[in-house]
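The block underneath contains the structure these notes are about, expressed in structure tokens.
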């Protein structure tokens, strides 16, 4: 089992709809969870951090964390073509004190 | 967040040569890291750059191939030594400004080896 798993996609979502991105992780004692957005040819950009169970909202983005299920998700409301990118889930694994990235989900917003 | 300058932004190198990549931050940061991102892949941590001591390397990466320096709290270098086509990748510097804070990335160095 991979330490951080994401569906690679591509995930296609119509403009204006909700895009839902999912991530599972194996280290049960992980405490910090991050979503990065990476445009093609660019470096990853942090868009959300979440540390406790529940939802955290920032503009059109909502991160959801369920530590019991070892699951973190990112919702993008009112999706825009500019949201088309690869989204990387990253988990700070307490076990080995490092940030581990998933393989990323490629999201395409269809106008 | 800190402004991270990484250079060169890209380079094309000959097999067997070495290239040093620089990462400069506009403020003192606790942690600096070096990652590799191969085409179509996610990020793999190469090493943690420790200020004033030897870097901490991840499994599969060795100091002879990827020597790292961090002379102070704002600057680090990664050298890719004796390059082969398999080293063609994007190399990224990241920083953690304070403990247990998110990492932020430089713009990366796109390296191609002929």
Q. Given a Förster radius of 22 Å and the C-beta distance between residue A:40 and residue B:7 as r, what FRET efficiency does 1/(1 + (r/R0)^6) yield to the nearest 0.05?
A. 0.55
Q) Within 10 Å of each Cβ of A:98-104, how many other protein chain Cβ atoms are there on average? A) 5
Q) Binning every alpha carbon pair distance of chain A at 5 Å from zero, what are the percents per bin? A) 2, 13, 24, 25, 19, 10, 4, 1, 0
Q) Using a basic spin-label model with each label point 7 Å from the Cα along Cα→Cβ, how many nm lie between residue A:20 and residue A:49? A) 2.8
Q) When only C-alpha pairs under 8 Å and at least 6 residues apart count, what is the relative contact order of chain B, in percent? A) 37
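Given the convex hull of the Cα atoms of segment B:23-74, what is a quarter of its surface area in nm²?
Numbers: hull surface 16.6 nm².
Mean projected area of the Cα convex hull: 4.2 nm².
What is the antiparallel percent of DSSP beta bridges lying wholly in the protein assembly as shown, to the nearest 5?
90
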Q: Rounded to the nearest 0.05, what FRET efficiency do residue B:81 and residue A:97 give with R0 = 30 Å and r taken as the Cβ-Cβ distance? Could you check?
A: 0.65
Q) Tell me, what is the percent relative contact order of segment A:66-111, built from C-alpha pairs under 8 Å that lie six or more residues apart? A) 39
Q | Exposure proxy ranking, count of Cβ atoms within 10 Å, fewest first, for A:47, B:46 | A | A:47, B:46
Q: Against the globular-protein guess of 2.2 N^0.38 Å, express the Cα radius of gyration of the protein assembly as shown as a ratio, rounded to two decimals.
A: 1.03
Q: Taking each pair of different alpha-carbon atoms in chain B once, compute 1/r for the pair, average those values, and report the inverse of that mean as the Kirkwood hydrodynamic radius in Å to one decimal.
A: 14.0
Q. Counting alpha carbon pairs within less than 8 Å and at least 6 residues apart, what relative contact order, in whole percent, applies to chain A?
A. 38
Q. Going 7 Å from the Cα of residue B:30 in the Cα-to-Cβ direction, what parts of segment B:64-104 have a backbone nitrogen less than 11 Å from that spot?
A. B:96-103
Q: Could you work out how far apart the two model spin labels at residue A:57 and residue B:56 are, taking each label as a point 7 Å from the Cα in the direction of the beta carbon, and quote it in nm?
A: 3.9
Q) Can you work out the FRET efficiency for the pair residue B:17 and residue B:44, with r the C-beta to C-beta distance and R0 = 30 Å, to the nearest 0.05? A) 0.85
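None of the figures in this text is laboratory data; all of them are computed from the coordinates on show. Computed from a predicted model, the values in this text were never measured in an experiment. Virtual Cβ from ideal backbone geometry, glycine too; neighbours counted across all protein chains shown.
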